[in-house]
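Take a look at the structure set out below.
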Amino acid sequence: MNAVDDILPPLLATLRNSSLPTPLRSSALTILATAVETAPVAMLSYGDDLAETCITILQVESRIMKPRVRVVEEVSRKGKEKAEEDSESDDEGEGVQLDRHGRPKKPEETPNPTTTDAKHPSLRRGALLFLALVFRTAARLAEDSASSSSSMRSDLGLGGFRMPGAAVVSGAGGGGTARMLVSLETKKRARTVVRYVGETDEDALVRHQAGEVLEELEGDIPYQVNPIAYGRGPQSGYNVCNSTTEGPDALCQTAFLNSLDDFCLWGSATPDGQIGDVEAAVVAYCTKSGHGTRIMPGGTITALQYMRTSAYVQVVGLFDQTGIELMSNDTGGELDPHGADQLGNPLGGLVWSTNLPEATSNTTLVQVQNWNMFVGSGKFCFKICSNKVTWPDYCENRFDLIGCDYNMPAAYAPGVFEECEGDLQDPVNVYTGADGKTTTLSTMETVPATMPWTPRVPASSKCTTYASTDIFKATNLGYQQDLYLFIRD
């Protein structure tokens, strides 16, 4: 056990104990801040615990401001001055602490050394300053790691998030960092809590500090991955998506594939879109609220299979594609982070997941470097490939003309909703013909009248079948909920 393991647990226990004097807890926070500032690498295993403790303090120990009531007092100027003089006279000799201007300090500036008032603003102020330090340090560590990794270096000198095509853009997303000081899931929770405290806390300084911390947090993901007016740029939407962007007009170009009931599809930003025309400007439509995106109307997904393998995770099925603003007869197309210019479709699009094959928990968001998706003809398929498996390329993007059946072979059974484990599919460009000969395709410019092979559907196991209402609950539909309940009833 090293010194960090000796020192930090008692300090964390002190900070979490609301029955201890507030100044003592604040002192523990000061020591922890010094440790983060002087030895951040040694603190890697405690980063989430430290941040979560401060987030909990802000969430549980915040004091909501009361509505202001203006009271008009009929007091003459002289009488008021006399009252103030009497008050100052009464305070003399009672140990009142004065600031550098000779004025009595406010109660929140001089907490009683023995007070156990957990809602004292000094602790919330300290927690916010500590969070700012932790997230700033996390960003610096990520940038240092990215700059030291040649495989993650950008000619522009920006570090952090991978752009489509493996370029790197600014941020604290991890770049080449083996471990992050604070997980993206913790940052996401921090954004929610800090935003609320900044809007509701009774202490003006706490509200101000919350606003500054929020700016730090929002800076982790660039507002736009591709803001440059060059080639096809800039991108049409944005990547910082939250409760303020969520709605029917959201232009969020950050998507997720987390679980059977929590994933997004790329769809048209305008009604009656056709993928071939709008692929660079598609936006995220998710199955539930909470991602700052548009939300699919209830009933959009009519069949679904979520499959997890050792090299990729995929979700496939049937759907009413008008739910993502595509024309009902659009035969569709493919989206991926590559393309001829290596900027991907959508331009600037990001994909994140808590459930990549290598994930050890389902709470930490990780950026997906290789993925592809097909939507159209009433069918969808979305695959995210392991960041650690580069060959075979199960997210191959060169065979977009042959759609879901060949790129992500599955049953696509109407009305079936299931979650399975699966065997690996054959690489999309490798097939065995009727003569037993194995052929590897380098590309496919046109679709032959008769395909030379039928794709093999991988075996699945440990399948669990659900009713659609068990997966897509009305309470998760956010702004779509009332409309869904009205139509259903």
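Roll a 1.4 Å probe over the protein chains and send me the accessible area per residue for the stretch 310-357 in Å². Write out the running numbers ahead of the final one.
Values: 1330 Å² over 48 residues.
Roughly 28 Å² per residue, with all protein chains present.
With labels modelled as points extended 7 Å from the Cα through the Cβ direction, what inter-label distance (nm, one decimal) is found for ASP49 paired with THR192?
The two pseudo-label positions are separated by 2.4 nm.
Scan around GLY333 for amide H atoms under 5 Å from its own, H built in the peptide plane at 1.01 Å from N, and keep only partners 5 or more places away or cross-chain.
Correct list: VAL375.
ALA39 to ASN362: extension gain in nm, 0.36 nm per residue of separation minus the Cα-Cα distance?
113.4 nm
Taking the highest mean first, how do the peptides 261-271, 373-383 order by number of other beta carbon atoms within 10 angstrom per residue?
The peptides rank, most packed first, as 373-383, 261-271.
What FRET efficiency, computed as 1/(1 + (r/R0)^6) with R0 = 22 Å and r the Cβ-Cβ distance, is obtained for LEU24 and GLU185, rounded to the nearest 0.05? Working shown, then result.
Values: r = 30 Å, r/R0 = 1.37.
So the FRET efficiency works out to roughly 0.15.
Could you check the spin-label model distance between ASN329 and ILE64? Points 7 Å from the Cα along Cα→Cβ, value in nm.
Placing both labels 7 Å along Cα→Cβ, they lie 5.4 nm apart.
I need the peptides 317-326, 345-354 ranked by packing, meaning the mean over residues of other C-beta atoms within 10 angstrom, with the highest value on top.
345-354, 317-326
Quick check: at a probe of 1.4 Å, how many percent of the accessible area of the stretch 321-380 sits on carbon and sulfur atoms? Don't jump to the answer; show the numbers that get you there.
Details: 970 of 1990 Å².
The value for the stretch 321-380 is 49 percent carbon and sulfur by accessible area.
Starting from the Cα-Cα distance between ASP470 and ASP320, subtract it from 0.36 nm times their residue separation and give me the gain in nm to one decimal.
On the way: separation 150, 0.36 × 150 = 54.00 nm, distance 1.88 nm.
That pair, ASP470 and ASP320, stretches by 52.1 nm at full extension.
To the nearest 0.05, what FRET efficiency results for ARG136 and THR270 with a Förster distance of 45 Å applied to their C-beta separation?
0.70
At a Förster distance of 41 Å, what's the computed FRET efficiency of SER310 paired with ASP6, Cβ-Cβ distance as r, to 0.05?
Plugging the Cβ-Cβ distance into 1/(1 + (r/R0)^6) gives 0.55.
Going highest first, how would you order 10-21, 333-344 by mean Cβ packing within 10 Å?
In descending order of packing, they fall as 333-344, 10-21.
How far apart, in nm, are two points set 7 Å out from the Cα along the Cα-to-Cβ line at ILE402 and at VAL457?
For the pair ILE402/VAL457, the computed spacing is 1.8 nm.
The values are calculated or read from the model by the stated rules, or taken from the named source; none is laboratory data. Being a predicted model, the structure only gives us computed values, none of them experimental. Note that we place each Cβ from the backbone using ideal geometry, even for glycine, and neighbour counts take in every protein chain shown. For accessibility, only protein heavy atoms count, side chains too; no ligands or nucleic acids. Shrake-Rupley method; radii C 1.70, N 1.55, O 1.52, S 1.80 Å.
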